Amino acid sequence: MRTDDRVMKYIGRPRPNSIEDILAFIEKMRKMVADNEGVTWAMTLKDDPKLMGHISFHRLIKEHDRAEVGYMMHPDFYGKGIMSEALSAVLHYGFNTMGLHSVEAIASPLNNASLKILERNGFAREGYFKENFLWEGQYLDSVVYSLLAPKKN
Amino acid sequence: MLNINFTPFPILTTSRLLLRQMTMADLPEMFFLRSDEETVKYISRPRAKTYEDAARYITMFTDAAANNEGITWAIAFNDKPETIIGHIGFWRIIKEHHRAEIGYLLHPQHQGKGIMQEALTAALDYAFNSMHLHTIEGGVNPANAASIKLLERNGFVREAYFKEDFFWEGEYHDSAIYSLIAPKAKKVL
């Protein structure tokens, strides 16, 4: 996934060059969980243990009860509502178990599929930053979507 | 990646002001600035309750400059360089994206006289022409009309309004982010 251009098209992160890079990435995800600094779930179908994607709160702003969500998935599974399903479960965990007050997601404004997933889950566009992201020699725009915790009855 | 070096500390001057490095000699004025409710009304950072608290702010600013992680200038009048009336700086630099976050505060007695405008002009000039930043952002409390006016007068544009993203004294507050892109380099004709 992390070397596939279809997956990484809108993700401004270094591509792994080797299996060692991937192992280091997995180790980093595990360490974040151990240190309570972030949480990443591997996604699989219930009846197939093979990894199909991952979703995470990779940046926690504990002071403000806020976190940033991020996700990616193998293109074979695109267009089936799978990421929406995963996001819904992750948000439920974020609001009800972690006690977050708000969640944000940062995306490329060109990443329509991702923006649709966010909107379907109730996220609202709160920011549009021009040229705030330098990637491969170019300044790119980013959009920020946010979602507040559902009001408690 | 930006190559930033704040040593020796860059002193800036304007027609009325001296922007210099802060030292522990500024402690009494810093204590006032960081504890006076009117000054920090819209600044959601812990108030200085003691001189030690104020000293921690000074150390934070000097350490940031020494480590090239941020720069904050003490603002004083040219003819009274020992008395600081405020400060302005880029306290968070995102080197990877040539971006930084600006912050400032000013003694209420000196507000409304174009002083922060003068300091901001000098700071922005330094940011774009010496640090070579591409963009600058300012996060403000949406109720802080004076600060928003200053940003807008300098070309900053509201790019985000985050609802309840900031927890402060038991409540979630909104915040607004204003941004400015570096002026396009002038074309030589």
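The values are calculated or read from the model by the stated rules, or taken from the named source; none is laboratory data. These numbers come from a predicted model, not from an experiment. Cβ sites come from the backbone with ideal geometry, for glycine too, and all protein chains shown count toward neighbours.
Descriptive notes on the structure:
- Residue count for the range B:91-149, restricted to those that are closer than 21 Å to B:GLU38 by Cα, out of contact with any Phe, Trp or Tyr (no Cβ under 8 Å at 6 or more places or on another chain) and β-branched (Val, Ile, Thr): 1
- Positions within the range B:38-53 being in contact (Cβ under 8 Å) with a residue 60 or more places away in the chain and touching a Lys or Arg at 6+ places or on another chain (Cβ under 7 Å), in sequence order: B:VAL40
One line per residue, one yes/no per condition, for (1) touching a strand residue (DSSP E or B) at 6+ places or on another chain (Cβ under 8 Å); (2) part of a helix (DSSP H, G or I); (3) under 19 Å from B:ILE84 (Cα atoms); (4) of a type in the set (D, E, K, R):
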residue	(1), (2), (3), (4)
B:LEU2	yes, no, no, no
B:THR7	no, no, no, no
B:LEU27	no, yes, yes, no
B:VAL40	yes, no, yes, no
B:SER44	yes, no, no, no
B:ASP53	no, yes, yes, yes
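- A search for C-beta distances below 7 Å between a residue of the range A:56-84 that is more than 14 Å from chain B (Cβ to nearest Cβ) and any residue that is acidic (Asp, Glu) and assigned to a strand (DSSP E or B), counting only pairs 6+ apart in sequence or on different chains, returns A:PHE57/A:GLU68; A:HIS58/A:GLU68.
- A single member of B:TYR51, B:TYR42, B:TYR57 is aromatic (Phe, Trp, Tyr), more than 17 Å from B:MET131 (Cα to Cα) and modelled with pLDDT under 95, and it is B:TYR42.
- Consider the range A:86-110 and keep the residues that are among the β-branched types (Val, Ile, Thr), outside any helix (DSSP H, G or I) and out of contact with any Ser or Thr (no Cβ under 6 Å at 6 or more places or on another chain). The one that is surrounded by the most Cβ atoms within 10 Å (Cβ to Cβ) is A:VAL103.
- Of the criteria (1) free of Cβ contacts under 8 Å to residues at least 40 places away in the same chain; (2) out of contact with any Leu (no Cβ under 9 Å at 6 or more places or on another chain); (3) within 19 Å of B:ILE84 (Cβ to Cβ), which one B:GLU152 fails: (3)
- Residues that are of a type outside the set (Lys, Arg) and surrounded by 10 or more Cβ atoms within 10 Å (Cβ to Cβ) were ranked within the range A:4-13; the one that is nearest to the chain's Cα centre (by Cα) is A:ILE11.
- Close pairs from the range B:62-87: first under 26 Å from B:LEU2 (Cβ atoms), partner of a type in the set (Phe, Trp, Tyr) and not in a strand (DSSP E or B), Cβ under 7 Å, at least 6 apart: B:ALA65/B:PHE6; B:ALA65/B:PHE9; B:ASN68/B:PHE6; B:ILE71/B:PHE6; B:THR72/B:PHE61
- Look at the range A:140-153: where a residue is aromatic (Phe, Trp, Tyr) and a partner is buried (at least 18 other Cβ atoms within 10 Å of the Cβ), sitting 6+ places away or on another chain with Cβ atoms under 6 Å, you get A:TYR145/A:ALA105; A:TYR145/A:LEU118; A:TYR145/A:PHE123.
- Looking at A:MET83, A:MET72, just one residue is part of a helix (DSSP H, G or I) and touching a helix residue (DSSP H, G or I) at 6+ places or on another chain (Cβ under 6 Å), and that residue is A:MET83.
- Total residues in the range A:115-138, condition farther than 16 Å from A:HIS92 by Cα, within 14 Å of chain B (Cβ to nearest Cβ), in contact with a strand residue (DSSP E or B) (Cβ under 8 Å, 6 or more places away or on another chain) and not hydroxyl-bearing (Ser, Thr, Tyr): 10
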